[in-house]
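The values are calculated or read from the model by the stated rules, or taken from the named source; none is laboratory data. Remember, predicted model here, so these are calculated numbers, not experimental data. Cβ: placed from backbone, ideal geometry, glycine included. Neighbour counts: every protein chain shown.
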Amino acid sequence: MNPLERVAARRRKVQAPEPEVRLKAANLTRRTVLATNLEVADNGKRRRKGLLGRNGLAAGEGLWIVPCESVHTFFMRFPIDLVYLDKEHRVRKVRSAVGAWRLSACLFAHSVIELPSGTVRETETQRGDQLELEPVSPGSEMG
């Protein structure tokens, strides 16, 4: 096999997808749980896709986009709650029931959690609250 064929063969090899990390997001200040099945969008592909194409989020689901200081809801099919966090996972800003075709930003944020509409109200999450994000073991009970 010549060098060009070797390069072409390497490019054709299918790389295993990165394992999808799932987290639990708990509000330590309020002693509540925001999500038990939080997806992580920490690479370009996952960040670009976000929640687009979905019809909704079930209770306990969410998406943590990191790093991120602004989001849009263009083409979204459902409203979402937003929780902006700094690097220490302290809440910098919350937005509830953000509908389609909106922009939201927090220039002091390092990341944002997108949650089902009503989660911020139900958990009483507020600016200044301390969150804890911990991995959920595959196959373990969510919650």
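I want to confirm something. Restricting to segment 96-116 and keeping residues that are in contact with an Asp or Glu (Cβ under 9 Å, 6 or more places away or on another chain) and surrounded by fewer than 18 Cβ atoms within 10 Å (Cβ to Cβ), which single residue is nearest to Leu52 (Cα to Cα)? Spell out how you get there, then give the answer.
To start, the set of residues in segment 96-116 that are in contact with an Asp or Glu (Cβ under 9 Å, 6 or more places away or on another chain) comprises 96-98, 105-116.
Narrowing the set further to residues that are surrounded by fewer than 18 Cβ atoms within 10 Å (Cβ to Cβ) leaves 96-97, 105, 107-108, 110.
Values: Ser96: 18, Ala97: 16, Ala105: 18, Leu107: 23, Phe108: 25, His110: 21 Å.
Filtering segment 96-116 for residues that are in contact with an Asp or Glu (Cβ under 9 Å, 6 or more places away or on another chain) and surrounded by fewer than 18 Cβ atoms within 10 Å (Cβ to Cβ), the one nearest to Leu52 (Cα to Cα) comes out as Ala97.
Among the criteria (1) within 17 Å of Arg22 (Cβ to Cβ); (2) without any contact (Cβ under 8 Å) to a residue 40 or more places away in the chain; (3) crowded, with 16+ Cβ neighbours inside 10 Å, the one Asn43 does not fulfil is (3). The one condition from (1) in contact with a Leu (Cβ under 9 Å, 6 or more places away or on another chain); (2) surrounded by 15 or more Cβ atoms within 10 Å (Cβ to Cβ) that Ser70 does not meet is (2).
For (1) within 16 Å of Glu20 (Cα to Cα); (2) at pLDDT 95 or above, each residue gets a yes or a no:
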residue: Val33; (1), (2): no, yes
residue: Thr36; (1), (2): yes, yes
residue: Arg47; (1), (2): yes, no
residue: Arg54; (1), (2): no, no
residue: Glu61; (1), (2): yes, yes
residue: Phe74; (1), (2): no, no
residue: Phe78; (1), (2): no, yes
residue: Leu82; (1), (2): no, yes
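Looking across Val136, Val98, one residue alone is in contact (Cβ under 8 Å) with a residue 24 or more places away in the chain, in contact with a strand residue (DSSP E or B) (Cβ under 6 Å, 6 or more places away or on another chain), under 19 Å from Lys24 (Cβ atoms) and aliphatic (A, V, I, L, M). It is Val136.
Selection of first residues in segment 110-133 that are farther than 17 Å from Glu39 by Cα and in contact (Cβ under 8 Å) with a residue 24 or more places away in the chain and of second residues that are surrounded by fewer than 22 Cβ atoms within 10 Å (Cβ to Cβ) and among the acidic types (Asp, Glu), restricted to Cβ pairs under 8 Å at least 6 apart or on distinct chains, gives the following pairs, ordered by first then second residue: Gln130/Glu88.
Scanning segment 29-69 for residues that are outside any loop (DSSP other than H, G, I, E, B), closer than 23 Å to Leu107 by Cβ and either of a type in the set (A, V, I, L, M) or touching a Lys or Arg at 6+ places or on another chain (Cβ under 8 Å) (or both) yields Leu34, Val40, Ala41, Leu63, Ile65.
When Met142 is tested against the conditions (1) closer than 19 Å to Arg47 by Cβ; (2) of a type in the set (A, V, I, L, M, F, W, C); (3) modelled with pLDDT under 95; (4) surrounded by fewer than 17 Cβ atoms within 10 Å (Cβ to Cβ), the lone failure is (1). Only one entry in Arg48, Arg54, Arg90 is surrounded by fewer than 21 Cβ atoms within 10 Å (Cβ to Cβ) and over 15 Å from the mean Cα position of the chain (by Cα), namely Arg90.
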